[in-house]
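The values are calculated or read from the model by the stated rules, or taken from the named source; none is laboratory data. Predicted model, so just to flag it, every value in this text is computed and none were measured. All Cβ positions, even for glycine, are placed from backbone atoms using ideal geometry, and neighbour counts span all protein chains on display. Accessible surface areas use protein heavy atoms only, side chains included; no ligands, DNA or RNA. Shrake-Rupley method; radii C 1.70, N 1.55, O 1.52, S 1.80 Å.
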Amino acid sequence: MSRSIEAHQGELRALLARAAPDDATETVPLARAAGRVLARDLVAPLDLPPHTNAQMDGFAVRVSDLAAVPPDGGIDLPVTAIRAAGAAPAVHTAGAATAVMTGAVIPEGADAVVPVERVSPPRFDTPLVTVPGSVARDVAEGAFVRAAGSDVARGAVALPAGTLLGAAALGACAALGLTDTSPLPVRQPPRVVVVSGGDEIRPAGETLPPGAVHDANGPLLAAWLRAAGVDSVTRLGVDDDPDAFLARLGDVVARVRPHLVITSGGISAGAFEVVRLALGRAGREMWFGHVAVQPGGPQGCGTLLGVPVVCLPGNPVSTWVSCELFVRPALAAVWGCCEPPRWFTARLQEPVQPLPDRTQLRRGVLDHSDCPPRVSLAGGASSHLLTAAARADALVRIAPGAQQLPAGTPLAVLPVAGGPRAGAPVTAGGPAPTNDDESGEPR
Ligand SMILES: Nc1nc2c(c(=O)[nH]1)N[C@H]1C(S)=C(S)[C@@H](COP(=O)(O)OP(=O)(O)OC[C@H]3O[C@@H](n4cnc5c(N)ncnc54)[C@H](O)[C@@H]3O)O[C@H]1N2
Ligand code: MOO
């Protein structure tokens with residue numbers, strides 16, 4: 001009996017949670033902190049904004065002065081000063097208007113700003129402005145005024161521990177006065193060992209003997225993990241000998257002390273399934289079985305030497321899809337080193353036949369010119385079609401069913417890194433699809 005996708009996702013989350021990286025932090029200069037995760041709260045050393053200032057180019061006024069507006073006219077205010085952003089604080093003259101530019105310190109005594117386009121004349125080179133009645137009656141205290149500390153007050157937490165240091169966070173650090181060389185405490189990213197191989201797998205660069213293929217999954221997993229915030233990836237190539245597998249992996253685990261081992265291949269129903277044979281013997285709490293999904297059906301997990309091990313199926317597209325479907329949610333939920341999966345809805349561009357008994361994840365190309373976007377399939381369903389997968393920028397989730405889904409059917413899609421970028425020459429879709437697309441048993 002197959003496991004559900006959700007059940008396997010839950011197992012991996014629980015497995016990783018048991019071996020969450022220690023709270024090790026390291027310090028990096030702000031200029032190299034992009035993409036890292038803040039390890040401790042960052043407390044604001046100053047108010048942001050540092051002073052109460054104008055949100056619009058306009059006229060600072062005292063709201064109580066506008067109360068005298070007659071029912072059938074406006075109120076005239078002499079313009080007594082003009083303040084640019086950056087000018088030193090000044091004092092507002094009661095009964096007057098102070099011209100203020102966006103960002104200028106609100107002069108002491110003024111409590112609102114009327115944007116220049118709402119007064120007459122709508123200009124700054126004038127000795128007097130008229131605030132129309134309809135505008136004057138509407139101006140509330142604090143209108144278009146940005147209070148000092150309204151973003152964050154001095155002494156408050158500006159960025160809590162766990163914040164992903166994206167552009168806005170790094171901009172906020174700079175606004176708070178941190179420089180490119182200011183040290184930031186960031187979480188140490190997890191260390192992961194990636195194991196790929198089998199007797200037929202040769203590293204790229206070696207001439208292929210008959211029957212052999214190049215190792216696609218080692219580089220694929222390393223690239224996927226790096227993009228998922230795992231800086232430290234150690235690759236290990238193995239053959240089909242379980243004893244050698246265990247000896248070599250044991251050495252690497254002792255040396256690298258990884259937080260996670262990911263294997264690809266060697267787990268399904270063959271006679272030489274090195275991962276299943278080796279870990280079935282030396283691993284703890286190992287589970288090998290099927291998840292009700294294609295590709296990515298055969299899966300395994302457990303621990304070796306106290307380290308969580310996630311075993312992915314060897315077909316390259318299955319390895320890659322498994323990363324998105326199973327590894328990403330666990331990494332995001334437990335270690336927070338990558339984005340969680342963000343599914344959304346797109347409409348099928350063409351009819352598709354679901355599998356009767358399993359969810360299918362086809363590769364697709366999104367067209368965002370419509371809302372919801374449309375998605376067309378990239379290549380066939382079979383899990384050896386790696387170059388077709390490289391042309392995709394989404395996974396398309398097709399629930400099991402008997403009926404063909406017509407074009408236009410809304411389906412869940414998961415954006416993935418890859419596919420066409422604007423400016424790339426448009427090709428007619430690569431190799432012809434294989435004939436297994438609708439067979440119900442694609443491998
Ligand atoms: N009788 C059954 N056979 C298979 C089943 C099944 O349920 N019953 N499941 C199929 C499915 S689905 C998949 S996926 C694969 C998974 O098998 P393994 O995880 O044991 O992977 P391998 O047998 O080692 O390899 C499968 C395939 O992928 C190629 N491969 C493996 N590693 C790499 C690599 N690093 N780079 C490039 N290509 C790789 C390998 O040469 C095989 O062609 O099992 C099906 N069989
Ligand atoms: O992972 Mo297999 O290739 O389910 O199709």
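Annotations for the structure displayed:
- Separation of alpha-carbon centers, region 382-400 and region 47-117, rounded to whole Å: 59
- Cα gyration tensor shape of region 192-319, rounded if a/c is under 1.5, else prolate or oblate by comparing a/b with b/c: rounded
- Only helical runs count toward this figure. For the chain, summing -39,500 (n - 2.57) over DSSP H runs of n ≥ 4 and dividing by all residues gives -5000 deg cm²/dmol at 222 nm.
- Coupling constants for region 267-276 follow from the phi torsions by the Karplus curve (6.51 cos²θ - 1.76 cosθ + 1.60, θ = phi - 60°), and in residue order they are 10, 8, 9, x, 8, 10, 7, 4, 5, 5 Hz; glycine and proline get x.
- Cα-based helix-to-principal-axis angle, 242-256 vs the chain, degrees rounded to 10: 30
- Portion, in percent, of the accessible area of the chain that falls on carbon or sulfur, probe 1.4 Å: 55
- Degrees, to the nearest 10: 217-227 long Cα axis against longest axis of the chain: 20
- For G266, the residues whose amide H sits under 5 Å from its own are G314, ignoring neighbours fewer than 5 places away on the same chain, with H placed 1.01 Å from N.
- In degrees, nearest ten, helix 5-18 long axis to first principal axis of the chain (Cα): 80
- ³J(HN,Hα), Karplus 6.51/-1.76/1.60, whole Hz, each residue of region 27-35, x for Gly, Pro: 10, 10, x, 3, 5, 10, 9, 4, x
- Across the chain, the longest run free of exposed loop sites, meaning GluC sites (Glu not before Pro) lying outside DSSP classes H, G, I, E and B with no more than 11 other Cβ atoms within 10 Å, spans 207-443.
- Couplings 3J(HN,Hα) for region 383-398, derived from phi with the Karplus relation 6.51 cos²θ - 1.76 cosθ + 1.60 (θ = phi - 60°), are 8, 9, 7, 6, 5, 5, 4, 5, 8, 9, 10, 7, 9, 10, 8, 10 Hz, where x marks Gly and Pro.
- Taking a sphere under 15 Å around the Cβ of W287 and counting the other residues whose Cβ falls inside, with K and R at +1 and D and E at -1, yields a net charge of +3.
- Of the trypsin sites (Lys or Arg not before Pro) in region 22-97, those whose Cβ has at most 16 other Cβ within 10 Å and which sit in DSSP loop: R40
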